[in-house]
Amino acid sequence: MSEPTAAWRLECYEELTSTSDVCLERARTGEAPGLALLALRQTKGRGSRGRNWANAGQSLAFSVLLDAGQAGLDALGGWPFVASLAFFEGLATSVPAARDRLMIKWPNDILLDGQKLGGILIEREGPMLVIGMGANLVQPPGEAQIGRRAASLGQCGLVPPPADVARAILAQLAHWCAVWQQDGFAVVCAEWRKRAHPVGTPLVVSGGTTYEKGQFAGLAADGRLLLETEQGMKTIATGDILLAEQGADVASRH
């Protein structure tokens, strides 16, 4: 992995189509790693699996351009774990009262009191990587708008301006990239587990029309999720991972 970026180039905009789309466009035209884009409003914000990212107002819409480096040497890559650690710590630093209520859901969603607060979308463009982060800062979108309950950082106290939250995340991203480079992926995974749902947490893996229930049994060496099911241990590389109560809510709507 290349040396973590020491000086981020943070650009703030009133409005963009999508911070990740603009980062990808800039990468194609030769932009160097270290670019960070923040938009106070997105007109075409994107989430994971082709979903739209709903903006409830005063949300975080933020993307970073990096050198992919050694990402992809294993089946999953370490970036979801490095990114979610930086995201978690940046949010917790911004509103300290939120720390004990935040949790990472495999591999890189951020929950507050069990409800989704933020998510990460990671995309590759040749040797470059774009990490997009979205979080509800002041208020969450309505349940009718997104089909589920969501959380916002404002439930825990006064939230700094989005640019300050972005800077806190960038500082953490540099830190966790350095940890990954110096100490290895196993250390990153150990730190991730401290902030994630504990072993034994009931989970549902959603694969479109299928729902497989089990208990979180930790991580494989490459970061894939281990799910203890009635049929035995299963290794999950991709899929919508829901806490059991969230899975029940989704299943009831089908």
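Per-residue counts of other Cβ atoms within 10 Å, averaged by peptide: what ranking do you get for 94-100, 10-16, highest first?
Order by mean packing, descending: 94-100, 10-16.
Grab the Cα-Cα distance for Val138 and Val199, subtract it from 0.36 nm times how many residues apart they are, and report the gain in nm with one decimal.
The span from Val138 to Val199 would gain 18.9 nm if fully extended.
Hey, with R₀ at 30 Å, roughly what FRET efficiency would Ala237 and Arg149 work out to, going by the Cβ-Cβ distance, to 0.05?
0.60
Quick one: with all protein chains in place, what share of the accessible area of region 9-194 is carbon or sulfur, to the nearest percent (1.4 Å probe)?
50 percent
Taking 0.36 nm per residue of sequence separation and subtracting the Cα-Cα distance, how much length would be gained by fully extending the chain between Arg9 and Thr43, in nm to one decimal?
Difference between extended and current length: 10.0 nm.
If you count only protein heavy atoms with a 1.4 Å probe, what accessible area per residue comes out for region 9-194, rounded to a whole Å²?
41 Å²
Under the 0.36 nm per residue contour assumption, what length would be gained going from the current alpha-carbon distance of Gln115 and Asp183 to full extension?
Separation in residues times 0.36 nm, less the Cα-Cα distance, equals 21.3 nm.
Which shape class applies to region 9-194: rounded if a/c is under 1.5, otherwise prolate when a/b exceeds b/c and oblate if not, where a ≥ b ≥ c are the square roots of the Cα gyration tensor eigenvalues?
It is oblate, given that a/c is not under 1.5 and a/b is not larger than b/c.
The values are calculated or read from the model by the stated rules, or taken from the named source; none is laboratory data. Keep in mind the model is a prediction, meaning the values are calculated, not measured. Every residue, glycine among them, receives a Cβ derived from its backbone with ideal geometry; neighbour counts consider all protein chains shown. Keep in mind that these areas ignore ligands, DNA and RNA; they rest on the heavy atoms of the full protein, side chains included. Shrake-Rupley method; radii C 1.70, N 1.55, O 1.52, S 1.80 Å.
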